[in-house]
Every structure is written in C-alpha cells, then in structure tokens.
Amino acid sequence: MLKNLVRVLRGGRKKGPSLEEESLLAQLDLTRLPRHVAIIMDGNGRWAQKRGLPRTSGHRAGVESLRETVRTCAELGIGYLTVYAFSTENWKRPRDEVDVLMDLLVEYLHREIEELCANNIRLHPIGRIQELPPHARKALEMAVSRTRNNQRMVLNLALNYGGRVELVDAVRSIVKEALAGNLDPEQINEFTISSHLYTAGQPDPDLLIRPSGDYRVSNFLLWQLSYTEFWMTSVMWPDFRRVHLLQALVDFQQRERRFGGLNRGEKKCSGTES
Ligand code: FPP
C-alpha cells in the first residue's frame with residue numbers, strides 16, 4: 001500500500017516523497033480520506049513583506065503552492081477541492097494588487113489547462129463570476145469548457161466569492177422560483193438552500209485548511225462549513241507544501257466526528273443527494 005502511494009505521489013517528478021512525507025503516507029488511511037477539502041490560501045502578503053518583496057510576489061509564489069496542492073489532492077483521490085482565491089472583500093485592495101491577481105488567474109489557467117486535463121480535473125468557478133474583468137471571464141470560460149467532462153476531481157475556484165453573498169444569491173433564486181409558482185415556501189428545507197448554492201450537488205467540506213496563523217473563517221463557505229473539521233497552521237501559503245497537506249489529512253483522520261450526535265456517524269451532507 002505504501003509503495004503504491006509513494007509511486008502515485010512521485011508521479012512524473014524526479015524528487016520523490018521526503019522521509020516525513022513517507023512516514024505521513026504510511027499513517028494515512030486512503031479509504032477514509034476527506035471527500036472535500038477547502039483551503040483559505042492566506043499569508044501571501046506577509047510572506048512577501050518578510051522578504052522585502054512586493055505583496056504581489058507572495059501571490060505569485062502562492063500559485064506554486066496551489067499547483068502542488070491540486071496535483072496531490074487529485075493523486076490521492078480527493079473528490080473536491082475548494083480554494084479561496086479572491087473574496088468579495090478583496091476589491092478593497094489597491095488597484096495594482098487586484099490587477100495582478102486577475103492577471104495571475106489568467107496566467108494560471110492558461111499554464112495549467114493541460115495539466116488539469118491530463119489529471120482529469122474539472123474546473124468549477126464559484127462566486128459572482130459575472131463581475132470579474134472580461135479577460136478573467138474569458139480564461140475561465142475556456143478552462144470550464146475544456147475540463148467539463150473531467151471526472152477525477154472537481155476544483156472549485158472561489159473568485160469574487162463571499163459566503164454571505166452566496167446566501168443572498170441563493171435566497172433570490174429560491175424566491176424567484178416561489179413567485180413563479182414552482183416552489184411551495186412550506187417545502188423549503190436545508191436541502192433547498194444547499195441546492196441553490198454555488199456548490200449545489202457537492203458534499204460539504206470535511207476539512208478546512210487555513211495557513212498563516214489566523215483563526216478566522218473570513219466569509220468562506222458559511223453554510224457548507226457547519227460540521228467541517230478545521231486545521232490551522234502558522235505556515236504561510238507560499239510555503240505550504242505537500243508535507244503540510246499530508247499533516248492535515250493525518251490529523252483529520254484522528255478526529256472523532258459526531259455531527260451533533262453521540263457516536264461516530266456517517267457524514268450528513270446537506271449539499272448532495274448521494
Ligand atoms: C490572501 O493572502 C490571498 C489572496 C487574497 C489571494 C490568493 C491567491 C493566490 C494564492 C494566487 C493564486 C490565485 C489564482 C487566482 C490562481 P493575503 O494577501 O491576504 O496575505 P496577508 O494576509 O499576509 O496579507
């Protein structure tokens with residue numbers, strides 16, 4: 001089993017897993033991996049400032065962490081990965097920084113599209129995508145279209161995303177259906193809400209990873225995180241590597257999840273019918 005995992009994680013790379021990675025892999029139970037991992041990619045700015053670099057260098061370095069994390073999650077067999085790339089509040093940042101983030105998004109999509117396809121990963125942007133600049137929307141349309149039949153893993157890229165705005169959009173859509181006579185308000189339940197979110201049809205995240213030492217949810221997946229296990233680290237996102245992901249997964253497997261009950265039980269997924 002370990003040998004198989006090592007081979008899987010070595011992939012096409014020259015450098016195989018480190019000793020620590022191998023030890024973590026040996027502890028990992030592949031049959032009990034989280035189905036859905038969510039990540040708040042935080043700490044890019046502080047990483048750069050510590051090195052006397054502009055904040056945007058931190059974002060650029062963060063793309064490498066994203067690339068490695070996406071690949072490892074897909075190789076391990078995680079079904080859904082959601083990453084917080086740009087929040088509805090991030091528009092408050094200086095114009096230059098916002099522009100660089102949008103350009104990085106376009107660059108990332110063009111550079112990674114072949115890798116996403118080769119690894120059978122479907123890109124699913126979540127957020128108010130219609131409000132992004134045209135070049136970002138165009139690159140997203142290309143990536144969504146090219147990856148639409150991929151089935152190994154869904155990569156939710158949260159862009160112009162806010163948990164509260166997502167709920168506003170869900171409420172609007174539910175009210176429209178009710179006013180059109182297609183939905184009886186008395187029949188609205190938790191599943192109705194889940195199925196009107198950007199993540200409709202997906203299981204809720206089992207594990208949330210937040211690097212950079214802050215202990216906040218930052219308006220991320222507010223509905224979906226109800227019973228998610230949190231794993232925080234002081235490592236800044238640009239330094240986040242495969243070893244940290246494996247640490248989070250091993251730690252996750254040591255938790256007892258009770259979902260409000262008394263015994264270990266099956267996960268209640270409000271966003272999925274499966
Ligand atoms: C938060 O760090 C990070 C962001 C607002 C952007 C995240 C973007 C990336 C990781 C690059 C990859 C992105 C795309 C679009 C593919 P921060 O700047 O708030 O860090 P700080 O808290 O240290 O200031």
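The values are calculated or read from the model by the stated rules, or taken from the named source; none is laboratory data. Computed from a predicted model, the values in this text were never measured in an experiment. Neighbour counts are summed over all protein chains in view; Cβ atoms, including those assigned to glycine, are modelled from backbone coordinates with ideal geometry. Heads up: the accessible areas ignore ligands, DNA and RNA and are worked out on the full protein's heavy atoms, side chains in. Shrake-Rupley method; radii C 1.70, N 1.55, O 1.52, S 1.80 Å.
Restricting the search to the stretch 211-256, which residues are away from the ligand (no atom under 16 Å from the Cβ), open to solvent by less than 30 Å² (accessible area, probe 1.4 Å) and over 28 Å from Gln49 (Cα atoms)?
Gln224, Leu225, Thr228, Leu249, Val250, Phe252, Gln253
Out of Ile39, Ile129, Ile113, I need the residue that is touching a helix residue (DSSP H, G or I) at 6+ places or on another chain (Cβ under 9 Å), buried (at least 22 other Cβ atoms within 10 Å of the Cβ) and β-branched (Val, Ile, Thr). Which one? Give the derivation first.
On the way: Ile129 fails: buried (at least 22 other Cβ atoms within 10 Å of the Cβ); Ile113 fails: buried (at least 22 other Cβ atoms within 10 Å of the Cβ).
That would be Ile39, the only listed residue that is touching a helix residue (DSSP H, G or I) at 6+ places or on another chain (Cβ under 9 Å), buried (at least 22 other Cβ atoms within 10 Å of the Cβ) and β-branched (Val, Ile, Thr).
Taking the stretch 42-54, which residues are open to solvent by less than 40 Å² (accessible area, probe 1.4 Å) and near the ligand (Cβ under 6 Å from one of its atoms)?
Of everything in the stretch 42-54, those that are open to solvent by less than 40 Å² (accessible area, probe 1.4 Å) and near the ligand (Cβ under 6 Å from one of its atoms) turn out to be Asp42, Gly43, Asn44, Gly45.
Quick test of your reading of the structure: Met102 fulfils all but one of (1) within 10 Å of the ligand (Cβ to nearest atom); (2) open to solvent by 30 Å² or more (accessible area, probe 1.4 Å); (3) not polar (S, T, N, Q). Name the failing condition by number.
(2)
Scanning the stretch 147-194 for residues that are of a type in the set (Ser, Thr, Tyr) and more than 19 Å from Ile129 (Cβ to Cβ), which turns out surrounded by the fewest Cβ atoms within 10 Å (Cβ to Cβ)? Spell out how you get there, then give the answer.
We begin by selecting, within the stretch 147-194, every residue of a type in the set (Ser, Thr, Tyr); these are 147, 161, 173, 192, 194.
Subsequent filtering for residues that are more than 19 Å from Ile129 (Cβ to Cβ) retains 192, 194.
Details: Thr192: 15, Ser194: 22.
Per the criteria, the residue is Thr192.
Within the stretch 55-67, can one find any residue that is modelled with pLDDT of 95 or more, near the ligand (Cβ under 8 Å from one of its atoms) and open to solvent by 30 Å² or more (accessible area, probe 1.4 Å)?
The answer is yes, given that some residue of the stretch 55-67 is modelled with pLDDT of 95 or more, near the ligand (Cβ under 8 Å from one of its atoms) and open to solvent by 30 Å² or more (accessible area, probe 1.4 Å).
If the Cβ limit is 9 Å and pairs must be 6+ apart or interchain, which residue in the stretch 107-134 that is modelled with pLDDT under 95 pairs with which residue that is in a strand (DSSP E or B) and open to solvent by 10 Å² or more (accessible area, probe 1.4 Å)?
Once the first residue is modelled with pLDDT under 95 and sits in the stretch 107-134, no partner that is in a strand (DSSP E or B) and open to solvent by 10 Å² or more (accessible area, probe 1.4 Å) comes close enough.
Quick one: count up the residues across the stretch 85-98 that are assigned to a helix (DSSP H, G or I) and either within 12 Å of the ligand (Cβ to nearest atom) or among the polar types (S, T, N, Q) (or both). So that I can check it myself, show each step before the final result.
Here is the first cut: in the stretch 85-98, the ones assigned to a helix (DSSP H, G or I) are 90-92, 95-98.
Now drop any that are not either within 12 Å of the ligand (Cβ to nearest atom) or among the polar types (S, T, N, Q) (or both), which leaves 90-92, 97-98.
Looking only at that region, the number is 5.
Name, by its number, the condition in (1) open to solvent by 10 Å² or more (accessible area, probe 1.4 Å); (2) farther than 21 Å from Glu112 by Cβ that does not hold for Leu208.
Unmet for Leu208, out of (1) open to solvent by 10 Å² or more (accessible area, probe 1.4 Å); (2) farther than 21 Å from Glu112 by Cβ: (1).
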